[in-house]
Amino acid sequence: MVNFRGINEDNFDAIICMKRPEGEHFVAANAYSLAQAWLYREANDVYPFAVYDDEEPVGFMMLDEDADERCLIIWRIMFPVEHQNKGYGTAAIRKIIDLARESGKYDFLLIDYHPDNKIAEHVYKKLGFIPTGVFEYGEHELRLDL
């Protein structure tokens, strides 16, 4: 079962060592994402965490909260090759959607993807995200109203 845990000494190496296929640049390296989370730590609105399947770390996600807009942004989602196509990404996003709804703090979620990442596009749309028409930094933005 998919669950979330903070990044700590026990899982840091596993998260940092997770890699995407050679030459693919759909998502930043986890080390870069963690550096960004540290950079924005004073804003208290960036949340990096490990995605687990029971006791095994299988992925990484990072959320960004815009409290003024009542929006939760799925800023990064990364599953290494050995954990792709097993349903972890879909399950993790579903869980984020449920938690966001239950919190009552958000009206919508945002996520984006590189146009060449057809698998991400399919998964996000399957979960109910719809295109906003925004294309920034080489990525399409999708929105899910809660």
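Within the bounds of segment 18-32, is there any residue that is farther than 21 Å from Glu141 by Cα, in contact (Cβ under 8 Å) with a residue 60 or more places away in the chain, hydrophobic (A, V, I, L, M, F, W, C) and surrounded by 14 or more Cβ atoms within 10 Å (Cβ to Cβ)? Yes: one or more hits. Scanning segment 1-11 for residues that are farther than 16 Å from His83 by Cβ and either surrounded by 14 or more Cβ atoms within 10 Å (Cβ to Cβ) or among the small types (Gly, Ala, Ser) (or both) yields a total of 2.
Identify, from the list Ala100, Ala92, the residue that is of a type in the set (A, V, I, L, M), under 18 Å from Arg70 (Cα atoms) and either surrounded by fewer than 16 Cβ atoms within 10 Å (Cβ to Cβ) or out of contact with any Lys or Arg (no Cβ under 8 Å at 6 or more places or on another chain) (or both). When all the criteria are applied, what remains is Ala100.
Looking at Ala92, Ala50, Ala67, can you tell me which residue is at negative phi, out of contact with any Leu (no Cβ under 7 Å at 6 or more places or on another chain), of a type in the set (Gly, Ala, Ser) and touching a residue at least 60 places away in the same chain (Cβ under 8 Å)? Walk me through how you get there before you give the answer.
Numbers: Ala50 fails: touching a residue at least 60 places away in the same chain (Cβ under 8 Å); Ala67 fails: touching a residue at least 60 places away in the same chain (Cβ under 8 Å).
Only one candidate passes the filter, namely Ala92.
Across segment 135-146, the number of residues qualifying as among the acidic types (Asp, Glu) and surrounded by fewer than 12 Cβ atoms within 10 Å (Cβ to Cβ) comes to 2. Quick one: is Asp116 modelled with pLDDT of 95 or more and either farther than 17 Å from Ile77 by Cα or among the charged types (D, E, K, R) (or both)? Spelling it out, it is not the case that Asp116 is modelled with pLDDT of 95 or more and either farther than 17 Å from Ile77 by Cα or among the charged types (D, E, K, R) (or both). Looking across segment 103-134 at every residue that is assigned to a helix (DSSP H, G or I) and touching a strand residue (DSSP E or B) at 6+ places or on another chain (Cβ under 8 Å), the one that is surrounded by the fewest Cβ atoms within 10 Å (Cβ to Cβ) is identified as Lys125.
Looking only at strands (runs of 3 or more DSSP E) that fall completely inside segment 1-100, which ones have 1 or more residues that are hydroxyl-bearing (Ser, Thr, Tyr), under 26 Å from Asp145 (Cα atoms) and within 14 Å of the chain's Cα centre (by Cα)?
Working: elements: 2-5, 46-53, 56-66, 71-78.
Hits in segment 1-100: 46-53.
Would you call Ala120 touching a Lys or Arg at 6+ places or on another chain (Cβ under 9 Å) and either without any contact (Cβ under 8 Å) to a residue 24 or more places away in the chain or among the aliphatic types (A, V, I, L, M) (or both)? Judged against the criteria, Ala120 is not a match.
The values are calculated or read from the model by the stated rules, or taken from the named source; none is laboratory data. What you see is a predicted model; the values in this text were computed from it and never measured. Every residue, glycine as well, gets a Cβ built from its backbone with ideal geometry; the counts of neighbours run over all protein chains shown.
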